[in-house]
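As structure tokens, the structure follows; a few thoughts come after it.
The values are calculated or read from the model by the stated rules, or taken from the named source; none is laboratory data. Small disclaimer: the values here were computed from a predicted structure and weren't measured. Here the Cβ is made from the backbone with ideal geometry for all residues, glycine too, and neighbour counts use every protein chain on show. The area values use the complete protein model at the heavy-atom level, side chains included, leaving out ligands, DNA and RNA. Shrake-Rupley method; radii C 1.70, N 1.55, O 1.52, S 1.80 Å.
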Amino acid sequence: MAARGFSHVGLSTLDLDATRAFYEDVLGFRAVRCDIIEFAEGGRIRHVFFDTGGGALIAFMEPRDIPGFPAEYDAGINRGLGVPDAFYHFAFEVDSHEALLAKRAHLIAKGVRVTPVVDHEWMHSIYFKDPNGLMLEFAWTSRVLDADDTVMQVRERASLRKRSPVTDFRSE
């Protein structure tokens, strides 16, 4: 039996209401399943799945008052690990450069801080954060990948002293 791709990515949030407002009202992802899991020992988890397109879902769980669960933690993943924000991020695909520009304009109009379009040579991207501090990306694949793309090689040189549009969102 062959895998068909991602079913969903599961994440955590400490504020499901803010997360839901962002993913529905800003990104336009429709909530398709909402659950509450109650524990006999006390507390509950609210759980929401959003349709991100192409059959893929993104889900968030918000724990409340569950014995043995921390009341506070960093749901942004990267800060808690002490790594740059780009390490753990989620990219949503758009089908054209124009669509990428439209997403950027839409995010700016909604008050979201977003990078300029970053040209990665084979992909163009914009980066921004959700209310949990997760780095998100809209990406457009600008060319067909070929055999040379599969060869591990230096394709870029960077400096830790010079910020780039991708690392402008590094944890403070």
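Brief remarks on what is shown
- Test: residue 35 is under 14 Å from the mean Cα position of the chain (by Cα), without any contact (Cβ under 8 Å) to a residue 40 or more places away in the chain, open to solvent by 30 Å² or more (accessible area, probe 1.4 Å) and more than 29 Å from residue 158 (Cβ to Cβ): no
- For residue 138, the criteria (1) at pLDDT 95 or above; (2) within 17 Å of residue 23 (Cα to Cα); (3) in a loop (DSSP other than H, G, I, E, B) hold in every case but one, which is (3).
- Among the residues of the stretch 83-119, those that are small (Gly, Ala, Ser) and free of Cβ contacts under 8 Å to residues at least 60 places away in the same chain comprise 91, 96, 99, 102, 105, 109, 111.
- When the stretch 52-76 is filtered for residues that are in a loop (DSSP other than H, G, I, E, B), of a type outside the set (A, V, I, L, M, F, W, C) and open to solvent by less than 70 Å² (accessible area, probe 1.4 Å), the ones remaining, listed by number, are 55, 74, 76.
- Any chance residue 5 is closer than 24 Å to residue 140 by Cα and assigned to a strand (DSSP E or B): no
- Residue match in the stretch 106-121 (condition: among the polar types (S, T, N, Q), out of contact with any helix residue (DSSP H, G or I) (no Cβ under 8 Å at 6 or more places or on another chain) and either under 30 Å from residue 145 (Cα atoms) or not in a strand (DSSP E or B) (or both)): no
- Test: residue in the stretch 77-86 that is crowded, with 16+ Cβ neighbours inside 10 Å and in contact with a strand residue (DSSP E or B) (Cβ under 6 Å, 6 or more places away or on another chain): yes
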